[in-house]
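What follows draws every value from the coordinates through simple rules; no lab data is involved. Note that the coordinates shown come from a computational prediction; the quantities given were computed from them, not determined experimentally. FYI the Cβ positions are ideal-geometry reconstructions off the backbone, even for glycines, and counts take in every protein chain you see.
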Amino acid sequence: MDLGIALGSAAKTASIFNADNRIMYRAGVAARRIGMMDADVVVGIPISATGKSIYFDRK
């Protein structure tokens, strides 16, 4: 539960600064599998500062 609160706070803080973001659990799984991170739980939060949201907008 604390991890969820921390992730939500990180995503909210990024959005306050107008940085598009999204919490991605699969990015964390990929990081663990390729050996980038050595932890029990890894979650990715990609950040984008482009004019259009690459995480939510669809064509």
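Summary of computed values
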quantity	calculated
Cβ-placed point charges (K, R +1; D, E -1), dipole of the range 2-48 about Cα centre in debye, nearest 20	160
Helical contribution to [θ] at 222 nm, DSSP H n ≥ 4, -39,500 (n - 2.57), averaged over the chain, rounded to 500	-12500 deg cm²/dmol
Relative contact order of the chain, pairs being alpha-carbon contacts under 8 Å that are 6 or more residues apart, as %	34
Phi to ³J(HN,Hα) by Karplus 6.51 cos²θ - 1.76 cosθ + 1.60 over the range 5-18, Hz, x for Gly, Pro	5, 5, 5, x, 5, 5, 5, 5, 4, 4, 5, 4, 8, 6
Packing rank of 18-28, 32-42, 4-14, where each peptide gets the mean count of other beta carbons within 10 Å, highest leading	18-28, 4-14, 32-42
